[in-house]
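Comments concern the structure below.
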Amino acid sequence: MSGAQRLIPTGLALLLFAVAVVLRAVYIMSMQDFTLFENDAARYFSIAFNLHLHGVYSAALPAEIAPVPDALITPGYPLLIYLLFPLAESPRELFYWITGAQACLGGVSVVLVYLLARFVVSPGLACVPAVLTALAPHQIVASGYVLTEVWHGVLVLGGVWVLLLAQRSQRKLLWFLAGMLFAVAVLTRPVFLGYALLLPLLLVLRHPVPARKSAACYLAGLLVLIGVWSGYARSVPAAEDSVLRSVIMLGSYPDFTWQDPAQRGYPNREDPAYQEAVQSWPVLLGTISERVAEQPVRFLQWYLVGKPASLWGWHIVQGVGGPFVYGVPRNAYLEPSLYRRTAQVYYRMHSPLMGIAMVFAVISGIGFLTRRLDSDGALPVFVVATVPLYMTLIHIPLASLPRYVVPYHPIMYLLAFLAVVAGAQRLRAGCFGRAKNPPGGVR
């Protein structure tokens, strides 16, 4: 490969980054008549403010008096806001520093999707899932909220990419760095912890001897940061927190509805048993068990079919429609524009893309563990595929709200694209003789 040819992948990556950042920046600048920091965003802002002004980690509302330290919210995202705090002179200026940084992080996500695709396809083909990510309404809209979606998504994609580089080079430092990236991802969204711990075990099961030392380096990077936070959390006064019980109870309502369909997403507002159920585990489990016993078929269908379908759905439940979590009365998607037309196309594509990606993820995961996958692309596809599989399984007992998997949509775009490539190559092999192993190497 000549020097000019080697510059092509770099040029494509830079172009993808620039397009993604511009799309996000234009959208952010189009946002008008919205609240800067509300609900979860207000809590993240409070932590950053208290750290900046008082040097205390606390989600208490900002005040002149230093608050009592707490550990109710993990620090992955609030610390990012804290780092930007000195750059701003007002809340509105801070908001634009945060969303501007997230626009750039969105560009990084697009480049990472491109780099992950490059493990199994050519530079030209790798642009397809990257472009899907760059144009995706959920990804663009997320950059305009002070929420964890963009930051967590970059950490997961970056961790997967570094881990695959580590596997290729067997450099222990890269394994350690992958563990640290996943640790920050866990400290941004704790539900990711199971995947971060399970992944090295699966790799050791497939390659017992060479993977042990690598897994040890990875776990060292993962656990050092999580250990620091756990030590701090044990040092501050414990608070009664029923968040997990609330999430499980919310997830138990079929279609997130109690009686009134207009209250979809907020069944707790109607159900008289909700408040009592979330106060203790025995009452919670007893309440859910009684309801399952009364309508076993309905609940079986909800937990096995309805919840995965809801999780990967288009509309943000508990949002304001489509990809929007909070209301933004005026923005580019509500005006006749390229953004609006793109959203209409993605709305039609969303369910087929998610369905194809999930089927391919299941096939790739099973094939890798049973050693039916045999190609250079087997491990990259497996590592990528296990992310949505894990997130789907972990949310079956929890509230399967679509917002929770927005950071993983780029992975789904990548898997759906690889499924199409694999199908095309198998079809070509059937028509014209044996072709190269498709992505994932299913024989």
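The values are calculated or read from the model by the stated rules, or taken from the named source; none is laboratory data. What you see is a predicted model; the values in this text were computed from it and never measured. Backbone-built Cβ (ideal geometry, glycine too); neighbour counts: all protein chains shown.
Quick look at the numbers
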| item | result |
| --- | --- |
| Number of the condition not met by residue 217 [criteria: (1) under 22 Å from residue 390 (Cβ atoms); (2) among the hydrophobic types (A, V, I, L, M, F, W, C); (3) at pLDDT 95 or above; (4) more than 23 Å from the chain's Cα centre (by Cα)] | (3) |
| Breaking point among (1) surrounded by 17 or more Cβ atoms within 10 Å (Cβ to Cβ); (2) part of a loop (DSSP other than H, G, I, E, B), for residue 61 | (1) |
| Among residues of the stretch 117-150, those that are under 18 Å from residue 347 (Cα atoms) and outside any helix (DSSP H, G or I), counted | 1 |
| Only listed residue being modelled with pLDDT under 95 and either closer than 26 Å to residue 200 by Cβ or assigned to a helix (DSSP H, G or I) (or both), chosen from 380, 438, 410 | 380 |
| Residues located in the stretch 128-166, provided they are among the small types (Gly, Ala, Ser) and either closer than 13 Å to residue 407 by Cβ or within 14 Å of the chain's Cα centre (by Cα) (or both) | 136, 142, 143, 153, 158, 159 |
| All positions within the stretch 334-345 that are surrounded by fewer than 20 Cβ atoms within 10 Å (Cβ to Cβ) and either touching a Phe, Trp or Tyr at 6+ places or on another chain (Cβ under 9 Å) or at positive phi (or both) | 340, 342 |
| Close pairs from the stretch 314-331: first over 16 Å from residue 351 (Cα atoms) and among the charged types (D, E, K, R), partner modelled with pLDDT under 90 and surrounded by fewer than 18 Cβ atoms within 10 Å (Cβ to Cβ), Cβ under 7 Å, at least 6 apart | 330/32; 330/33 |
| Test: residue 341 is free of Cβ contacts under 8 Å to residues at least 60 places away in the same chain, part of a helix (DSSP H, G or I) and under 17 Å from residue 139 (Cβ atoms) | yes |
| Selected residue (only one of 44, 57, 82 is more than 30 Å from residue 414 (Cα to Cα), out of contact with any Ser or Thr (no Cβ under 9 Å at 6 or more places or on another chain), among the hydroxyl-bearing types (Ser, Thr, Tyr) and in contact (Cβ under 8 Å) with a residue 40 or more places away in the chain) | 57 |
| Some residue of the stretch 25-38 being among the aromatic types (Phe, Trp, Tyr) and closer than 17 Å to residue 148 by Cα | yes |
| All positions within the stretch 163-180 that are surrounded by fewer than 24 Cβ atoms within 10 Å (Cβ to Cβ) and of a type outside the set (Gly, Ala, Ser) | 164, 165, 167, 168, 170, 171, 172, 173, 174, 176, 177, 180 |
| Helices (runs of 4 or more DSSP H) contained in the stretch 240-307 and holding at least 2 residues more than 21 Å from residue 191 (Cβ to Cβ) | 274-277, 281-294, 296-301 |
| Residue 80 vs. criteria closer than 26 Å to residue 236 by Cβ, assigned to a helix (DSSP H, G or I) and more than 21 Å from the chain's Cα centre (by Cα) | no |
| Lone unmet requirement of (1) at pLDDT 90 or above; (2) of a type in the set (A, V, I, L, M); (3) crowded, with 20+ Cβ neighbours inside 10 Å for residue 349 | (3) |
